[in-house]
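In what follows, a structure is listed as structure tokens, so that the remarks can point back to it.
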């Protein structure tokens with residue numbers, strides 16, 4: 001098995017981009033990543049594209065080929081392009097598939113990307129499309145929404161561990177603060193705990209400011225065998241671990257409603273693979289589709305004891321400059337959550353941090369970073385550990 | 001949801017019929033074709049649940065899923081049945097009545113409808129016991 005490195009990255013702006021189409025934003029991300037890597041179309045062995053639901057969002061399937069075509073890689077070069085789907089973890093899985101392709105020796109230069117164009121339909125239709133990531137026949141049919149499922153996790157976390165609405169709000173406040181320093185973020189406005197608590201209730205105890213938004217956006221990165229990465233860049237970022245795990249599709253079938261066992265299991269595998277512990281990680285991008293999701297994530301990844309995620313957030317340990325900076329990009333909450341792109345965006349953010357190119361939100365001396373991407377209410381989790389040292 | 005898709009599990013939804021594995025003695029709802037514990041060695045049989053259960057967790061939904069807009073606010077919960085498995089259901093109750101650990105029992109109710117002229121879906125919801 002070969003070691004793999006990231007040699008180029010690009011995020012488009014995230015947000016409501018009425019003037020741009022799915023193919024517009026994808027091409028922007030893809031071209032940007034190739035340019036960053038100094039790679040030409042002729043060099044590309046294959047592409048993996050994370051995309052949850054272009055069929056529901058823009059009535060377009062077969063987006064692997066569409067993207068290869070509009071990136072100029074189909075008609076003459078015939079580059080194989082594969083769409084990867086695992087709901088909101090589609091991007092993380094696309095990255096993993098790309099890594100496996102390079103590590104196996106089948107491909108050398110591989111593009112791993114993600115894209116979602118969510119604002120061409122109404123917010124209500126978009127929510128319905130997203131709800132397909134849960135169990136349609138046994139959750140959706142009862143009127144379950146995604147905020148509703150995570151609200152049930154939050155309710156139980158509060159009951160079991162004494163987590164408060166203020167602690168949930170602190171996650172959103174921190175992520176908006178980080179987002180204010182990220183040029184691509186959908187929301188660059190800072191918010192207060194009070195503003196979160198005064199915002200409308202979506203599913204008790206989650207307010208609208210506890211929820212990530214509906215977004216358009218694309219992200220892409222270029223992978224290469226570590227042995228030749230220096231031919232393309234002075235700052236390759238090395239993949240130290242890729243791990244993925246599954247759990248029950250329905251929240252009600254989980255062993256513990258407040259623990260994402262898929263996260264726990266994937267994290268254990270990732271730490272083993274990288275021969276690292278949570279203490280070695282300098283920053284992490286976690287899947288904060290809702291504020292409670294960040295609290296569960298930092299617990300399940302080993303950055304806080306179970307039940308203490310809210311407390312450590314309130315005490316500032318997850319802020320930039322804190323013990324373990326979480327979601328320096330602004331996370332899904334403030335940077336935005338174009339579902340298929342999110343897993344790739346996380347890896348782009350960590351790459352920028354490890355290269356020392358994260359601008360005002362730079363974590364000083366960051367050497368090792370982690371990404372954590374979740375599908376549905378926790379049926380899929382995928383984790384990557386990245387390092388600036390081989 | 002299409003009529004055929006709903007109809008396929010109609011009997012289970014109406015009567016709270018899931019499955020029991022006589023190999024590991026575990027109960028499942030919704031019904032399963034393969035025992036998640038024993039896999040191919042499992043021996044599954046239909047099982048009608050008693051219906052008693054308790055609230056594991058719940059939420060009050062204010063922003064509804066498509067087709068549920070007229071019901072807001074509504075209570076959604078995870079109910080743990082006395083035989084062991086948990087399911088997701090609406091609770092026909094006021095939000096003030098709700099608490100974790102509270103006992104519930106099943107009732108036959110309308111779940112929703114396909115469209116203005118579509119099929120009406122019925123199934124099991126729960127009420128405070």
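The values are calculated or read from the model by the stated rules, or taken from the named source; none is laboratory data. All figures in this text were calculated on a predicted structure; none of them were measured in a lab. Counting neighbours? That spans all protein chains shown, and the Cβs are built from the backbone with ideal geometry, glycine included.
Looking only at the stretch A:1-36, residues that are touching a strand residue (DSSP E or B) at 6+ places or on another chain (Cβ under 7 Å) and within 19 Å of residue A:106 (Cβ to Cβ) come to 6 in all. Of the residues examined, residue B:71 is not one that is surrounded by fewer than 19 Cβ atoms within 10 Å (Cβ to Cβ), modelled with pLDDT under 95 and within 13 Å of the chain's Cα centre (by Cα).
Considered as a group, the residues in the stretch A:186-199 that are away from chain B (no Cβ under 14 Å) and part of a loop (DSSP other than H, G, I, E, B) include one that is nearest to residue B:99 (Cα to Cα), and that residue is A:192.
Residue A:286 passes every criterion in (1) out of contact with any strand residue (DSSP E or B) (no Cβ under 8 Å at 6 or more places or on another chain); (2) away from chain B (no Cβ under 14 Å) apart from (1). Here the strands (runs of 3 or more DSSP E) wholly within the stretch A:200-280 that include at least 3 residues being under 18 Å from the mean Cα position of the chain (by Cα) and more than 12 Å from chain B (Cβ to nearest Cβ) are A:216-225, A:237-246.
Considering the conditions (1) under 15 Å from the mean Cα position of the chain (by Cα); (2) away from every other protein chain (no Cβ under 12 Å), residue B:41 is excluded by exactly one of them, (1).
Evaluating residue B:31 against the criteria (1) without any contact (Cβ under 8 Å) to a residue 40 or more places away in the chain; (2) more than 9 Å from chain A (Cβ to nearest Cβ); (3) part of a strand (DSSP E or B) leaves one unmet condition, (3).
Does residue A:144 satisfy the condition of being within 14 Å of chain B (Cβ to nearest Cβ), in a loop (DSSP other than H, G, I, E, B) and closer than 15 Å to residue B:63 by Cβ? For residue A:144, the condition - within 14 Å of chain B (Cβ to nearest Cβ), in a loop (DSSP other than H, G, I, E, B) and closer than 15 Å to residue B:63 by Cβ - is met. When residue A:195 is tested against the conditions (1) surrounded by fewer than 17 Cβ atoms within 10 Å (Cβ to Cβ); (2) closer than 25 Å to residue A:98 by Cα; (3) out of contact with any helix residue (DSSP H, G or I) (no Cβ under 6 Å at 6 or more places or on another chain), the lone failure is (2).
Results for (1) within 14 Å of chain B (Cβ to nearest Cβ); (2) assigned to a strand (DSSP E or B); (3) touching a strand residue (DSSP E or B) at 6+ places or on another chain (Cβ under 6 Å), shown as yes or no for each residue.
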{"site": "A:116", "(1), (2), (3)": "no, yes, no"}
{"site": "A:119", "(1), (2), (3)": "no, no, yes"}
{"site": "A:125", "(1), (2), (3)": "yes, no, no"}
{"site": "A:138", "(1), (2), (3)": "yes, no, no"}
{"site": "A:149", "(1), (2), (3)": "yes, no, no"}
{"site": "A:156", "(1), (2), (3)": "yes, no, yes"}
{"site": "A:176", "(1), (2), (3)": "no, no, no"}
{"site": "A:183", "(1), (2), (3)": "no, no, no"}
